[in-house]
Amino acid sequence: MTNMKRRTFLKGSLAVGALGVAIGTGLVTPRVVLAAWPKDAFKATTVNDALKSLLGSSALMGSSKVKLKAPDIAENGAVVPVSVTASIDGVDSITILAEKNLNPLAASFKLGPGTEPYISTRIKMGKTSSVIAVVKAGGKLYSTGKQVKVTIGGCGG
Amino acid sequence: MAHTIKIRARISGGVTTVKTLISHPMETGQRKNKKTGKLIPAHYIQEVTCLHNGKTVLDAYWGPAVSKNPYMSFRFKGAKKGDKVTLKWVDNKGQSDSIETQIR
């Protein structure tokens, strides 16, 4: 019995050793999940650059099929509720931008095959600007914008 | 980092609505500490993933412009009562949390 335990122990330590080597040589990155985070798009300072970097194009088609719900006046720029709905088939992603933020890109949502084209969330806005919803479907970008007036900015102190 | 996520998944008419609330500072890195005048380092969630029975239904990339204690809601089809929904997040400091719930 003791011998059996010793066998398992040895096997275990061997396996751990192999994994350690893999991490050390960069074969397995511990932060694999973060590898895909589009840093350049989030650092971009204009809507065009952010879209080009994130979605490969900034050719937006204004469409009434994309509905953006946001307040006309946001009393507190730190919490602006935004929801996006699209009546388009085969939506790949929904992206939300605040045009005049230092970095306009706020969030981008990739949808799975059974996921409905609907997202609701809350964003921060530095000052009065347009909020833009961009829906990617079939390689095309559909968008809708809405002006939101911000009385207290949410990005400064 | 225990229990940072609140999640509700409810099915009605074949469509599951997921609502989540995460407690997180979502610090932009542009705010100054008023006493010291120094910038507060950025600390925000970068990626949020939601799985239904192990399949990705939503993969979100967030920047610092998502509000503090982020709220998110979305809907998906093809689930039934009792199915498992998992949500996980990772922030720019490598911290993370995940939660599993059943569709009601």
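The values are calculated or read from the model by the stated rules, or taken from the named source; none is laboratory data. In this text, all values refer to a predicted model and were calculated from it rather than measured experimentally. For neighbour counting, all protein chains shown are included, and Cβ atoms are generated from backbone atoms with ideal geometry for every residue, glycine included. Accessible surface is based on the protein model in full, side chains and every heavy atom, while ligands, DNA and RNA are left aside. Shrake-Rupley method; radii C 1.70, N 1.55, O 1.52, S 1.80 Å.
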- In nm, spacing of pseudo-spin labels at A:LYS65 and B:SER23 (7 Å Cα→C-beta vector): 4.3
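Starting from the eigenvalues of the Cα gyration tensor, five times each then square-rooted, give me the equivalent ellipsoid semi-axes of the stretch B:6-104, largest first, whole Å. Please list the in-between numbers first.
Numbers: eigenvalues 205, 27, 19 Å².
Gyration-tensor ellipsoid for the stretch B:6-104: 32, 12, 10 Å.
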- Task: Whenever you get a sec, compute what percent of the accessible area on the stretch A:37-150 sits on carbon and sulfur atoms (1.4 Å probe).
- Result: 49
- Task: Give the dimensionless ratio obtained when the Cα radius of gyration of the stretch B:50-94 is divided by 2.2 N^0.38 Å.
- Result: 1.34
- At the nearest 100 Å², what buried accessible area, both sides summed, do you get for A and B when the probe is 1.4 Å? 3000
- Message: Report the Cα centroid-to-centroid distance between the stretch B:35-54 and the stretch B:84-104 in angstrom, as an integer.
- Response: 13
- Message: List the residues, sorted by chain then number, that are 5 or more residues from B:ASP83 or on another chain and whose placed amide H is less than 5 Å from its amide H.
- Response: B:ILE103
- Residue mean of other protein chain beta carbons inside 10 Å, A:94-103: 2
- Message: Please give me the summed charge of the neighbours of B:ILE99: other residues whose Cβ is under 13 Å from its Cβ, Lys and Arg +1, Asp and Glu -1.
- Response: +3
- Query: Hey, what do the phi angles of the stretch B:36-52 turn into as Karplus ³J(HN,Hα) couplings, whole Hz, using 6.51/-1.76/1.60 and θ = phi - 60°, x for Gly and Pro?
  - Reply: 9, x, 8, 5, 7, x, 4, 8, 8, 6, 9, 9, 10, 10, 10, 10, 10
- Task: Please calculate how many Å² of accessible area the stretch B:5-102 carries per residue, with a 1.4 Å probe and no DNA, RNA or ligand atoms counted.
- Result: 49
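Express the accessible area of the stretch A:37-150 per residue in Å², computed with a 1.4 Å probe while the remaining protein chains stay in the model.
Heavy-atom accessible area per residue stands at 44 Å².
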- Message: Please list, in order along the stretch B:8-16, the HN-Hα scalar couplings obtained from phi with the Karplus expression 6.51 cos²θ - 1.76 cosθ + 1.60 (θ = phi - 60°), rounded to whole Hz, x for Gly and Pro.
- Response: 10, 10, 10, 9, 8, x, x, 10, 9
- Order these peptides, A:36-45, A:109-118, by their mean beta-carbon neighbour count within 10 angstrom, highest first. A:109-118, A:36-45
- Item | Only Lys, Arg (+1) and Asp, Glu (-1) charged, at Cβ; the stretch A:37-150 dipole about Cα centre in debye | 160
- Message: Taking 25 °C and 0.890 mPa s as the conditions, I'd like the Stokes-Einstein D for the stretch A:37-150 in µm²/s, using the Kirkwood hydrodynamic radius from alpha carbon pairs.
- Response: 177
